[in-house]
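Engineer: Handing you this structure, nothing more for now.
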Amino acid sequence: MAERSFAREVEDLRLGDGDTFRGEGILAITKALLQSGVAYVGGYQGSPISHLMDVLADAKDVLDDLGVVFQSSANEAAAAAMLSASVMYPLRGAVAWKSTVGTNVASDALANLASGGVTGGTMIIVGEDYGEGSSIMQERTHAFAMKSQMWLLDPRPDHECIVNLIEKGFELSEFSNTPVMLEVRVRACHMHGSFACKDNVKPAHTIKDALNNPKRDVNRIVLPPAAYEHEQEKIKTRMPAAVGFIRDNKLNEWMGPKQGKVGIIMQGGMYNNVIRALQYLGLSDAYGNTQVPLYVMNVTYPVIDAEVAEFCVGKDAVLIVEEGQPEYLEQAINTVLRRKDLNARVHGKDVLPMGGDYTAQVLLGGVREFLEKTEPRLLGNRPPAPDAAPVLNHPAIEKLRQVVPARPPGLCTGCPERPIFAAMKLVEEELGQHHVSADIGCHLFSILPPFNIGATTMGFGLGPASTSAFNVKADKRSIAVMGDGGFWHNGLTSGIGNAVFNKHDGVFVIVDNYYTSATGGQDILSSRALNKRRNTNNSIVQAVKGIGGQWVRQLDRTYDVGKMRDTLKEALTTKEAGPKVIVASSECMLNKQRRVKPQISKAIKDGARIVKERFGVDEDVCTGDHACIRLSGCPSLSVKQLDDPLRDDPVAAIDNSCVGCGNCGEVAEAAVLCPSFYRADVIHNPTGWDKFRSKVAMAVIGWLQRRRDRRRPALEALA
Amino acid sequence: MRDETVRLALPAAGDATERPISIAIVAMGGQGGGVLTDWIVQLAENHGWVAQSTSVPGVAQRTGATIYYIEAMPPLDGRKPILSLMPTPGDVDVVMAAEFMEAGRSILRGLVTPDRTTLIASNHRSFAIGEKIAPGNGIADRGAVSGAIGVAAKTEIIFDLNALAIQHGSVISAAMFGALAGAGVLPFSRESYLDVIRAGEKGAKASVGTFEAAFDRVQTKSFNDVAPAAAKPAKIAPSPVMPDADLNGLVARLKDLPEPATAMARAGLKKVVDFQDVAYGGEYLGLLGSLLAADRSAGGAGKSFAFTQAAAKYLANAMTYDDVIRVADLKTRASRRSRIEGELELSQGQVLQTTEFMHPRMEEVMGMLPAGFGRWLGARPRLLGWLDRRVNRGRRVKTYSLPWFLALYVVGGMRGMRRRSLRHAVETAHRDAWLKAATAAVGTNYQLGVEILQCHRLVKGYSDTHSRGLSKFDKTLAAIKLIERRDDAADWARRLREAALKDGPGKELDGVILTIKTFA
């Protein structure tokens, strides 16, 4: 897949009994799936689970040996629907995606799957993209688990615990005929740790076996009256079975002393930070030896009433540590206690914030307040807890707050999407501002400086659909932007098909960079590379025309800013009716560099004639207005202060990370900015002719230069 | 806090006060923060410690800032420590910042505290987009970071780790690893750090060299006072020219100026003569002389001749306007080519060509024509349009191909025609009006006169950019006119100029003008 190799990571998947795995959490999960005897795996990439998909895509040999089927799903709904293979057959299967966005897309298929129930163990790995560093809306997967009744595992952030829970999770799924979700937060996915490996397990029943021996049972299909039966089954059979399994196998954990006046109940994922908070309060050592009784819910749905009651009996109060809103667990535990008439007071969101990360610092405050209210003796004489407030209130640091600039993410150096948005800025200067619907993908960075383009983003591939309401005759047309990733995820039908069918008059820009770049550069249908295991090179333009698009323009070099601008202008002004579709294609520069850089280095080493391009700015020609930067934002295009008393403002400068894409020159030319940009072509291993030509030219040029220099006034007198 | 609780003894919970060593790495995409993190983890694991690292890499990839976080600690009787996934403000042992403003950001996050944190930071700058897009100087004040470091860090190790890495053919992560080893905050030997680097295949040799250089630099404490290395100026061969008697005469005239203005006037004179000729330098000093007279009668002697100082600077800039002749001249100079060769580190046997991105319009051509003819043409819009369609398009100019070089060379040599050109007439008229306004103001409100001179900073660029700058300049001077009689006119003039330099389209400037109109 793509241009990056995961060969080293694939080796980790081969580890067996007696080996120790050391590495990233998401890789540990991948290994755990193989140890659990999965027959098939699928999913849709996206942080923080992209790595799982990438490694499996490169692990053909390992998977073939085991007889495991791997599919890159078109989107999360497709991945969820894939799990239907476990409905009739005793096949273990797993899918993975970024949540909650992926779970939103998948929820129709998930609801159907959960209703009919499963025969083989099914597991949905969700990368819970919540908290600092997240790129999506802040919601919880918990709600999906509850509404469709799927069990939700939330293991302690520890490789050993996660791997164990995956293996147990498949058993739980089979025992209770219910799909299981495993929730891992971003940092846990990227966490380095270790666990003792087991051998991989070949699936007992394979996909091939299933295909050769088809089965059907109408009672497992969501149709009346079976659907009504499913609901009763969920309540009367599957839930009790799951509760029994979770208790018997001790999936939830008790830590610390058996007795105590107070205790803490937490999601498994919160465990490490709770221990750190207790440590700050002098109530635990670094190895988890706690003085406060803890009940760690590695399974957060269903809540095991009997376990909760057992933990709360004889306690004055318990604290629920549950990240995010609403407080589902707190409500559930209150219900349990009231029903059983237990009088332990329940604290939770009253001492902890309703939303946001539960960092050790936040938990320190919450636990301290909880203990002050309920059992202050535990706090003893309060050892000094870490506190940055005194230093943060210092005037020197207050001053710094005004100075440190924001560093919003932006497009990479040489990104082929930059000239598209530069062209849109130029059109904006001519034709005024337009309503622009943005989409998920790298191109979403156009909403940030310096472009400041884009009004809304509604979901992956939904940029075009977001303009559907703007289908009226007006002085201006709407513009929608979507990437090739979004196009194949659903945008072809929800966006382009929709616009064709409704005779939408707007402009639709499809940014085609040959990969789903934002998620790590995975191949898709229209990727240009040859991929032995997948069918690539399927044209977006043909797809658009096939679905009825009439006005379609293909630009095969986005860096041609002038042409891009003219095409956009034409699309916005043409009298032709129906959607105006522009497909702007150039390869993702990150992937291109990964591919091309080693090739070029090798060619130069081998003595081949190679022209390397880089851009530069003539510092004495540049006047320091920075209009070029306002139309570009390239990381390699920066500023520098000249050592010249006559100059106030820094001039533009291009650093050596420049990849020579040409955008700055094209923009300077198209926007009629200034003549300070130049492209420097360096010929490595020049031919004799190259050398001769250059020598002759430089001889004449040198003579001319010396001639003029002789006539200049001797400025040395002023040096 | 309740009294009863204070008196209680703190019950010990084993080694409750012992915490893991915590290290936060703040970096931007492409700085190798991930590699450095892996190295530190490996280092700790090689000593039998339990190490855990976390990060959110997705954001860093595309120029955003991110934090890598590591905790490490030896196991106790086979029990693994429970390690946290995020740094806690006030509880970080080492912060490593791969850029100076990021060091500042880590301080703002509370990661650097005087009781425990060793701050290892590179003091080179990688400018944020907000600093780059201002039409003026938007670069953040590095002094604020230095000041904060002094307050926040227990130990500071600050030098240009990036330059050191480049010098040794490697990346900053290797330099930071060396600085960490040199700082001695982890109980591991130098050799065990090197073992970790050597175990990696790629670029191990360059990394080792960089590591050792950074290690030595920290050990010998040769940092903190070292400013970031300035780029080396390319070597320029001195031109073989004879001293010029006329020019020497002008240099002598510099002595007539008051001391505070001579340095600037010297630079200004050089720029003006270089732009045109020695006579033009005489014109510059003449104009400067009459401005000095106005300065003196306005009591400039008591104000260290601020008016003359500003005039020396901005008059030179005004007189050396950017025209086609100047651009062609600069692009064809020998010094220009040697500068590029230096920047590219061109080696023997490589061939260099450059391509210019030029977009001449009829306006530029007209500017070069004799003033009368230019005006005649300007009055004929249809002819002008027809000509513009022939001229106005982007041109890729291969500088060092003979035909293109000759063309540029010829244009660059047309300075003899410059004084008669339409552009020169326009620029001179504009300049004189500006100087008149400044001279008029300086008599009644000294600082306002200085401010008006400084407004010339708004005029810059070519083509569209130039017209935008010019319109900002005109708007600013018109607005100053509205309030010139107020005592705080100079303050407003400064505010106007600063606003004009804040954003491209001039929205901030329009805002200030609107404010002025409410009371003027």
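The values are calculated or read from the model by the stated rules, or taken from the named source; none is laboratory data. As the structure is a computational prediction, the values presented were derived from the model and not from experiment. All Cβ positions, even for glycine, are placed from backbone atoms using ideal geometry, and neighbour counts span all protein chains on display.
Engineer: Identify, from the list A:L329, A:L278, A:L283, the residue that is within 15 Å of A:L378 (Cβ to Cβ) and within 36 Å of the chain's Cα centre (by Cα).
Structural biologist: The match here is A:L278.
Engineer: If you don't mind, there's one more thing I want to ask. What tally of residues in the range B:276-317 results from selecting those that are more than 30 Å from B:G412 (Cβ to Cβ) and in a helix (DSSP H, G or I)?
Structural biologist: 18
Engineer: Still on this model: Would you mind listing the strands (runs of 3 or more DSSP E) fully within the range B:23-124 where at least 2 residues are touching a Pro at 6+ places or on another chain (Cβ under 8 Å) and of a type outside the set (G, A, S)?
Structural biologist: Passing ranges, in order: B:65-73.
Engineer: Going through the range B:102-127 one residue at a time, which ones are surrounded by fewer than 24 Cβ atoms within 10 Å (Cβ to Cβ), facing chain A (nearest Cβ under 8 Å) and within 23 Å of A:P650 (Cα to Cα)?
Structural biologist: Result: B:S126, B:F127.
Engineer: How about the range A:679-715: which of its residues are more than 51 Å from the chain's Cα centre (by Cα), facing another protein chain (nearest Cβ under 7 Å) and farther than 16 Å from B:R336 by Cβ?
Structural biologist: Across the range A:679-715, the qualifying residues are A:V700, A:R710, A:P713, A:A714.
Engineer: Considering only residues that are in contact with a Pro (Cβ under 7 Å, 6 or more places away or on another chain) and among the small types (G, A, S), look in the range A:475-522 and name the one that is surrounded by the fewest Cβ atoms within 10 Å (Cβ to Cβ).
Structural biologist: A:G506
Engineer: Quickly run through the range A:307-341 and pick out the residues that are surrounded by fewer than 17 Cβ atoms within 10 Å (Cβ to Cβ) and touching a residue at least 60 places away in the same chain (Cβ under 8 Å).
Structural biologist: A:Q325
Engineer: Quick one: how many residues across the range A:375-388 are without any contact (Cβ under 8 Å) to a residue 60 or more places away in the chain and within 33 Å of the chain's Cα centre (by Cα)?
Structural biologist: Count: 2.
Engineer: Shifting gears a bit: Could you check B:R395 against (1) within 14 Å of chain A (Cβ to nearest Cβ); (2) buried (at least 16 other Cβ atoms within 10 Å of the Cβ) and say which number it fails?
Structural biologist: (2)
Engineer: Any idea which of B:A144, B:A163 is within 20 Å of the chain's Cα centre (by Cα), within 7 Å of chain A (Cβ to nearest Cβ), surrounded by fewer than 24 Cβ atoms within 10 Å (Cβ to Cβ) and among the small types (G, A, S)?
Structural biologist: Going through B:A144, B:A163 in turn, just one is within 20 Å of the chain's Cα centre (by Cα), within 7 Å of chain A (Cβ to nearest Cβ), surrounded by fewer than 24 Cβ atoms within 10 Å (Cβ to Cβ) and among the small types (G, A, S): B:A144.
Engineer: Kindly list, by first and then second residue, each pair from a residue in the range A:395-422 that is more than 7 Å from every other protein chain (Cβ to nearest Cβ) and free of Cβ contacts under 8 Å to residues at least 12 places away in the same chain to a residue that is of a type in the set (D, E) and assigned to a helix (DSSP H, G or I), limited to pairs with Cβ atoms under 6 Å and residues at least 6 apart or on different chains.
Structural biologist: Here the result reads none, with nothing in the range A:395-422 linked to a residue that is of a type in the set (D, E) and assigned to a helix (DSSP H, G or I).
Engineer: Residues being touching a helix residue (DSSP H, G or I) at 6+ places or on another chain (Cβ under 9 Å), small (G, A, S) and modelled with pLDDT of 95 or more: count how many of those fall in the range B:5-61.
Structural biologist: Matching residues across the range B:5-61 total 3.
Engineer: Ok, one more. Given A:N498, A:N490, A:N502, which one is of a type outside the set (D, E), at pLDDT 95 or above and over 19 Å from A:V552 (Cβ atoms)?
Structural biologist: The unique qualifying residue is A:N490.
Engineer: Then there's this: Among the residues of the range A:35-51, how many are touching a Leu at 6+ places or on another chain (Cβ under 9 Å), more than 14 Å from chain B (Cβ to nearest Cβ) and either buried (at least 24 other Cβ atoms within 10 Å of the Cβ) or free of Cβ contacts under 8 Å to residues at least 60 places away in the same chain (or both)?
Structural biologist: Of the residues in the range A:35-51, 6 are touching a Leu at 6+ places or on another chain (Cβ under 9 Å), more than 14 Å from chain B (Cβ to nearest Cβ) and either buried (at least 24 other Cβ atoms within 10 Å of the Cβ) or free of Cβ contacts under 8 Å to residues at least 60 places away in the same chain (or both).
Engineer: Something else: Based on this model, can you work out whether B:K436 counts as among the basic types (K, R) and within 30 Å of B:A301 (Cβ to Cβ)?
Structural biologist: Judged against the criteria, B:K436 is a match.
Engineer: Can you tell me which residues in the range A:411-452 are touching a Ser or Thr at 6+ places or on another chain (Cβ under 6 Å), of a type in the set (S, T, N, Q) and either surrounded by fewer than 23 Cβ atoms within 10 Å (Cβ to Cβ) or in a loop (DSSP other than H, G, I, E, B) (or both)?
Structural biologist: The one that is touching a Ser or Thr at 6+ places or on another chain (Cβ under 6 Å), of a type in the set (S, T, N, Q) and either surrounded by fewer than 23 Cβ atoms within 10 Å (Cβ to Cβ) or in a loop (DSSP other than H, G, I, E, B) (or both): A:T413.
Engineer: Mind listing just one residue for me: the one in the range A:17-33 that is closer than 26 Å to A:Y89 by Cα and touching a helix residue (DSSP H, G or I) at 6+ places or on another chain (Cβ under 6 Å) and, of those, surrounded by the fewest Cβ atoms within 10 Å (Cβ to Cβ)?
Structural biologist: Looking at the filtered set, the residue picked out is A:K31.
Engineer: Go through (1) closer than 30 Å to A:R647 by Cβ; (2) outside any strand (DSSP E or B); (3) among the aliphatic types (A, V, I, L, M) and name the single condition B:I158 misses.
Structural biologist: (2)
Engineer: Name the one entry in A:R707, A:R712 that is surrounded by 15 or more Cβ atoms within 10 Å (Cβ to Cβ) and among the basic types (K, R).
Structural biologist: A:R712
Engineer: Now a separate question. On the basis of being part of a helix (DSSP H, G or I), surrounded by fewer than 15 Cβ atoms within 10 Å (Cβ to Cβ) and without any contact (Cβ under 8 Å) to a residue 60 or more places away in the chain, does A:I235 make the cut?
Structural biologist: So A:I235 fits the description; yes.
Engineer: Could I ask something else about it? Being at the interface with chain B (Cβ under 7 Å from one of its Cβ atoms) and within 30 Å of B:V171 (Cα to Cα) is the filter here; which residues of the range A:653-678 pass it?
Structural biologist: A:G665, A:F677, A:Y678
Engineer: If we scan the range A:214-234, do we find a residue that is among the hydrophobic types (A, V, I, L, M, F, W, C) and within 32 Å of the chain's Cα centre (by Cα)?
Structural biologist: no
Engineer: Do any helices (runs of 4 or more DSSP H) entirely within the range B:449-520 hold 1 or more residues that are β-branched (V, I, T), in contact with a helix residue (DSSP H, G or I) (Cβ under 8 Å, 6 or more places away or on another chain) and on the phi < 0 side of the Ramachandran plot, and if so, which?
Structural biologist: B:463-483, B:507-519
Engineer: Can you name the number of the only condition in (1) part of a helix (DSSP H, G or I); (2) within 12 Å of another protein chain (Cβ to nearest Cβ); (3) within 20 Å of the chain's Cα centre (by Cα) that B:G138 fails?
Structural biologist: (1)
Engineer: Then there is this: Hey, can you tell me all the residues within the range B:64-83 that are more than 15 Å from B:I21 (Cβ to Cβ), touching a residue at least 24 places away in the same chain (Cβ under 8 Å) and more than 8 Å from chain A (Cβ to nearest Cβ)?
Structural biologist: Listed by number, the list holds a single entry, B:I67.
Engineer: A further question on this structure: Any residue at all in the range A:610-621 that's over 29 Å from A:C674 (Cβ atoms) and part of a loop (DSSP other than H, G, I, E, B)?
Structural biologist: No - not one qualifying residue is present in the range A:610-621.
Engineer: If you check A:P464 against the conditions, is it more than 20 Å from A:S586 (Cβ to Cβ) and modelled with pLDDT under 95?
Structural biologist: no
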